[in-house]
Amino acid sequence: MTESSYYMPPEWAFHKATWLSWPHRLETWPDKFEPVPAVFVEIASWLSSSEEVHINVLDEVMERQVLELFSNSNHEQLQTDRLFFHRIPTNDAWCRDHGPNYVFRKKEGRSEKIIMNWEYNAWGEKYTSYHDDAAVPERIASQQNLPLVSPGMVLEGGSIDVNGKGLLLTTEACLLNPNRNPALNREEIEQVLCRYLGIKKVLWLGDGIVGDDTDGHVDDMARFVNESTVVIAVEDNPSDVNYEPLQENFQRLKHFTDLSGNPLTVVKLPMPSSVTYDGFRLPASYANFYIANTVVLVPTYRCLQDQTAMDILQEFFPDRKVIGIDCSDLVWGLGAIHCITHEEPGDY
């Protein structure tokens with residue numbers, strides 16, 4: 001083999017670590033930033049019970065402040081020896097989208113971990129300050145002494161989900177939006193995904209949920225939970241604004257097949273009751289869960305559907321503990337648990 005081949009593991013594959021970027025941008029949670037760091041502490045504490053947690057901070061001052069937050073917390077599951085801090089500046093906290101996309105590259109029979117340096121433009125230039133975020137993969141690769149590959153295409157981590165067997169889920173609303181890659185058509189985008197992530201087939205959903213400023217990230221709607229099963233958020237109330245787009249995506253999923261032509265198993269996740277703040281409908285969804293080595297962290301929203309969603313997900317992860325994290329405050333920033341996390345796989 002002379003040409004390199006790439007492979008992106010699914011999220012349930014073994015992790016070396018999870019990466020976070022500590023929140024500091026007050027404008028992301030207008031008038032409601034105060035409770036947000038405590039949510040990060042809870043999430044990071046549970047993750048530390050599972051694997052290493054690597055946290056990007058602005059500087060030494062922030063590192064001391066964050067360490068103090070952990071030392072003052074009373075989370076029994078916290079393992080401080082698994083917390084690692086990196087003075088890598090960020091503009092915002094959404095590590096899923098600006099963080100390191102680790103893949104494996106095989107060449108001449110050898111496999112090495114590398115970082116994909118996708119272009120990042122703050123979800124189609126929605127925010128003007130994003131240059132530190134865009135530099136995160138390069139800075140982490142430099143610190144870890146890992147190769148960096150730049151495909152030259154805008155891609156956020158929350159816009160894709162893979163099953164590790166050649167399938168990738170995404171949405172037309174996001175990847176075909178002219179604010180991302182206006183010079184590329186659907187086929188050209190598929191070619192880049194297939195080449196650099198080891199994908200054989202791209203499964204396209206339509207529109208995203210209301211309130212999502214990412215133009216429809218798939219991690220707010222549909223996720224692989226194993227090689228052949230997708231859970232999808234479905235709204236059953238016809239009067240809800242999310243009813244039509246989610247029902248339409250559900251119908252699409254039922255017609256998708258794997259590489260052998262077998263239909264996927266499609267499982268409904270409920271949607272939470274409408275979550276609003278200051279008159280805005282927020283992108284609250286149980287699909288924004290995160291799969292770690294020993295736990296699955298699920299956003300909850302103080303409503304009856306919380307437990308139902310957790311019970312459904314627990315069925316697919318019998319060897320992991322499903323933990324609910326109250327994200328009623330976090331989602332005011334227009335994201336939840338999956339949006340702030342990024343896995344670093346172990347060796348492959």
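Please treat every number below as a calculation from the coordinates, not as lab data. In this text, all values refer to a predicted model and were calculated from it rather than measured experimentally. A quick note on method: Cβ atoms are made from the backbone with ideal geometry, for glycine too, and the neighbour counts reach across all protein chains shown.
In region 62-136, which GluC sites (Glu not before Pro) fall in coil by DSSP and have 16 or fewer other Cβ atoms within 10 Å?
Passing both the DSSP loop test and the Cβ count: GLU76, GLU108.
Below 13 angstrom from the Cβ of CYS327, what's the summed charge of the other residues (Lys, Arg +1; Asp, Glu -1)? Could you put the intermediate results ahead of the total?
Working: positive: LYS32, ARG302; negative: GLU42, ASP220, ASP306, ASP326, ASP329.
Here the count lands on -3.
Counting other Cβ atoms within 10 Å of each Cβ, which trypsin sites (Lys or Arg not before Pro) in region 122-168 have at most 15 and sit in a DSSP loop?
Passing sites in region 122-168 are LYS126.
Work through the residues other than MET153 whose Cβ is under 15 Å from its Cβ and net out their charges, Lys, Arg +1 and Asp, Glu -1. Don't skip to the answer; put the middle values down first.
Values: positive: ARG180, ARG186, ARG195; negative: ASP97, GLU119, GLU156, GLU187, GLU188, GLU190.
Summing Lys/Arg as +1 and Asp/Glu as -1 gives -3.
For GLU138, GLU42, GLU315, what ranking results if the residue with the fewest other Cβ atoms within 10 Å of its Cβ goes first?
In increasing order of surrounding Cβ atoms, one gets GLU315, GLU138, GLU42.
How much length, in nm to one decimal, is gained on full extension between GLN314 and SER150, taken as 0.36 nm per residue of separation minus their Cα-Cα distance?
Values: separation 164, 0.36 × 164 = 59.04 nm, distance 3.68 nm.
Stretched fully, the GLN314-SER150 segment lengthens by 55.4 nm.
For the chain, set up a GNM with springs between Cα atoms under 10 Å and report which of ASP207, ASP31, ASP329 has the largest fluctuation.
ASP31
In whole angstrom, how far apart do the alpha carbon centroids of region 119-194 and region 81-102 sit?
Their Cα centres are 16 Å away from one another.
Using the alpha-carbon centroid of each, what span in Å lies between region 208-243 and region 250-314?
Value for the Cα centre distance between the two parts: 7 Å.
Are there trypsin sites (Lys or Arg not before Pro) in region 257-348 that DSSP marks as loop and that have at most 16 other Cβ atoms within 10 Å, and which are they? Let's see the in-between values first.
On the way: sites: LYS268, ARG281, ARG302, ARG320, LYS321; in loops: ARG302, ARG320.
Sites meeting the loop and neighbour criteria: ARG302.
Return the calculated 222 nm mean residue ellipticity for the chain, to the nearest 500 deg cm²/dmol, obtained by summing -39500 (n - 2.57) across DSSP H runs with n ≥ 4 and dividing by the residue count. The partial results should precede the final answer.
Numbers: 10 runs with 92 residues, N = 348.
When only DSSP H runs of four or more count, the value is -7500 deg cm²/dmol.
Taking K and R as +1 and D and E as -1, what net charge do the other residues with C-beta under 10 Å from the C-beta of PRO35 add up to? The partial results should precede the final answer.
On the way: positive: LYS32; negative: GLU34, ASP326, ASP329.
It works out to a net charge of -2.
Mind running the shape call on region 1-98? Use the C-alpha gyration tensor, a ≥ b ≥ c as the square roots of the eigenvalues: rounded below 1.5 for a/c, prolate if a/b tops b/c, oblate otherwise.
prolate
Taking the Cα-to-Cβ direction at ASP278 and at PHE14 and moving 7 Å from each Cα, how far apart do the two end points lie in nm?
Here the answer is 4.6 nm between the modelled labels.
First check a/c for region 191-308, with a ≥ b ≥ c the square roots of the eigenvalues of its C-alpha gyration tensor; if it is under 1.5, answer rounded, and if not, answer prolate when a/b is larger than b/c or oblate otherwise.
Prolate shape, in that a/c is at least 1.5 and a/b is the bigger ratio.
Counting only complete DSSP H runs, which helices of the chain cover 15 Å or more along their long axis at the Cα atoms and score a mean Kyte-Doolittle of -1.0 or above? Let's see the in-between values first.
Numbers: long enough: 36-48 (18 Å, 1.52); 60-72 (18 Å, -0.16); 131-144 (20 Å, -0.96); 186-197 (16 Å, -0.46); 243-254 (17 Å, -1.53); 305-316 (18 Å, -0.57).
Result, helices passing both filters: 36-48, 60-72, 131-144, 186-197, 305-316.
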